[in-house]
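Peer 1: Structure provided below as structure tokens; questions to follow.
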Amino acid sequence: MKEEIVSFQNILEASRKIRNFVARTPTFHSVVFSQRTGAEVYLKLECFQPVGVFKIRGAVNKICSLSPSELKKGLVTSSSGNHGVAVAYAAKIYGAKAVVVVPENAVKEKVEAIEAYGAEVVKYGKDYDEAYSKALEIQKKTGITFVHPFNDSFVIAGQGTVGLELLEDIPDLDTIIVPIGGGGLISGISIAAKTLNPKTRIVGVQPEGAPAVYRSWKAGKIVEVDSVNTIADGLAARKPLDLTFRIIKKYVDDILLVTEQEIGEAVLALLH
């Protein structure tokens, strides 16, 4: 696969490659949210993945694409937490050493999960973007293989298997609502969904405190925000990158911002 291209065929290939390590998660009909919204609402329960997050799809697809020499060198990545857990898990499967750079304020439980899978954790910087810069520095100094959290064709194809499963379960799906951090998940889902059903609308959601993709999408060019501040730490990227942004511009129908209060209320509603 060329790095700058992600196709529906790549997503189908990813689905075959990762199936032994990744769960085919349920698409759950929510009676409560359906009653609240007046629409038929379904939830894609990625919490049932082996590591509890969708990121495992892209991490496994990327790492299983690496050559034996690349795996032998080891892996490095940057993460606010969830991608790091997924890379640590995938590295353990393939017998590779992994280094995960996280911000200094990373959630303790996520750091512990990364370490539980045998990866080395390096804490650096005030946010994801500073951790990302540190990971690139480590890669340049050591020559180990960098696994990008979102701006990578193999990672995007892996995340796209979420969209593949959604449309397999509900072929006439009207709208898919996807949270956006760096944009890997919505990029993969949109390619899969628009291929299977061009009428399906793709709507992205970002926190008001981390609106980089929203502002970029509105401006039609990549915009970097000075800082991010949100309880949704997995969505706290200061700017999108070239590959995901091109896909978002091509396929995504709308992007909305939500307040911190709305995020908190949604989390509480899901817990109940």
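Peer 1: Quick test of your reading of the structure: Ser34 fulfils all but one of (1) touching a residue at least 24 places away in the same chain (Cβ under 8 Å); (2) outside any loop (DSSP other than H, G, I, E, B); (3) in the same structural domain as Gly182 (by TED's automatic domain parsing). Name the failing condition by number.
Peer 2: (1)
Peer 1: Suppose we filter segment 74-95 for residues that are in contact with a Gly (Cβ under 6 Å, 6 or more places away or on another chain) and either more than 21 Å from Ser15 (Cα to Cα) or assigned to a loop (DSSP other than H, G, I, E, B) (or both); how many remain?
Peer 2: Residues flagged as in contact with a Gly (Cβ under 6 Å, 6 or more places away or on another chain) and either more than 21 Å from Ser15 (Cα to Cα) or assigned to a loop (DSSP other than H, G, I, E, B) (or both) within segment 74-95 amount to 1.
Peer 1: Only one of Ile202, Ile222, Ile231 is over 15 Å from the mean Cα position of the chain (by Cα) and either among the charged types (D, E, K, R) or at pLDDT below 95 (or both). Can you tell me which?
Peer 2: Among Ile202, Ile222, Ile231, only Ile231 is over 15 Å from the mean Cα position of the chain (by Cα) and either among the charged types (D, E, K, R) or at pLDDT below 95 (or both).
Peer 1: Looking at Asp174, is it in contact with an Asp or Glu (Cβ under 9 Å, 6 or more places away or on another chain), closer than 20 Å to Val85 by Cβ and either in contact (Cβ under 8 Å) with a residue 12 or more places away in the chain or not basic (Lys, Arg) (or both)?
Peer 2: no
Peer 1: Another question, if that's okay. More than 20 Å from Glu224 (Cβ to Cβ) and at pLDDT 95 or above: which single residue out of Ala135, Ala116 fits that description?
Peer 2: Ala116
Peer 1: Among the residues of segment 195-209, is any buried (at least 20 other Cβ atoms within 10 Å of the Cβ) and in a loop (DSSP other than H, G, I, E, B)?
Peer 2: There is at least one residue in segment 195-209 that is buried (at least 20 other Cβ atoms within 10 Å of the Cβ) and in a loop (DSSP other than H, G, I, E, B).
Peer 1: Tell me the residue from Glu168, Glu137 that is within 25 Å of Ser65 (Cβ to Cβ) and either in contact with a helix residue (DSSP H, G or I) (Cβ under 9 Å, 6 or more places away or on another chain) or touching a residue at least 24 places away in the same chain (Cβ under 8 Å) (or both), please.
Peer 2: Answer to the check: Glu168.
Peer 1: Suppose the filter is farther than 20 Å from Ile191 by Cβ and part of a loop (DSSP other than H, G, I, E, B); does Val53 pass it?
Peer 2: Judged against the criteria, Val53 is a match.
Peer 1: Would you check which residues across segment 118-132 are surrounded by 14 or more Cβ atoms within 10 Å (Cβ to Cβ) and either without any contact (Cβ under 8 Å) to a residue 12 or more places away in the chain or within 21 Å of Arg238 (Cα to Cα) (or both) and list them?
Peer 2: If the condition is that a residue be surrounded by 14 or more Cβ atoms within 10 Å (Cβ to Cβ) and either without any contact (Cβ under 8 Å) to a residue 12 or more places away in the chain or within 21 Å of Arg238 (Cα to Cα) (or both), then Val122, Lys123, Tyr124, Gly125, Asp127, Tyr128, Asp129, Glu130, Ala131, Tyr132 are the ones that fit.
Peer 1: Does segment 1-55 hold any residues that are among the hydroxyl-bearing types (Ser, Thr, Tyr), in contact with a strand residue (DSSP E or B) (Cβ under 8 Å, 6 or more places away or on another chain) and under 29 Å from Phe245 (Cβ atoms), and which are they?
Peer 2: Thr25, Thr27, Tyr42
Matching residues to (1) on the phi < 0 side of the Ramachandran plot; (2) within 15 Å of the chain's Cα centre (by Cα):
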site: Val53; (1), (2): yes, yes
site: Leu66; (1), (2): yes, no
site: Lys73; (1), (2): yes, no
site: Val76; (1), (2): yes, no
site: His83; (1), (2): yes, yes
site: Ala113; (1), (2): yes, no
site: Gly125; (1), (2): no, no
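Peer 1: Would you mind stating whether Gly204 is touching a Pro at 6+ places or on another chain (Cβ under 9 Å), in contact (Cβ under 8 Å) with a residue 60 or more places away in the chain and either outside the structural domain of Gly160 (by TED's automatic domain parsing) or of a type outside the set (D, E, K, R) (or both)?
Peer 2: Answer is no for this residue.
Peer 1: Further question on the same structure: Could you figure out which of (1) assigned to a helix (DSSP H, G or I); (2) surrounded by fewer than 14 Cβ atoms within 10 Å (Cβ to Cβ) isn't true of Ser15?
Peer 2: (2)
Peer 1: Out of all the residues in segment 245-262, which are surrounded by 16 or more Cβ atoms within 10 Å (Cβ to Cβ) and touching a strand residue (DSSP E or B) at 6+ places or on another chain (Cβ under 9 Å)?
Peer 2: If the condition is that a residue be surrounded by 16 or more Cβ atoms within 10 Å (Cβ to Cβ) and touching a strand residue (DSSP E or B) at 6+ places or on another chain (Cβ under 9 Å), then Ile248, Tyr251, Val252, Ile255, Val258 are the ones that fit.
The values are calculated or read from the model by the stated rules, or taken from the named source; none is laboratory data. Remember, predicted model here, so these are calculated numbers, not experimental data. Backbone-built Cβ (ideal geometry, glycine too); neighbour counts: all protein chains shown.
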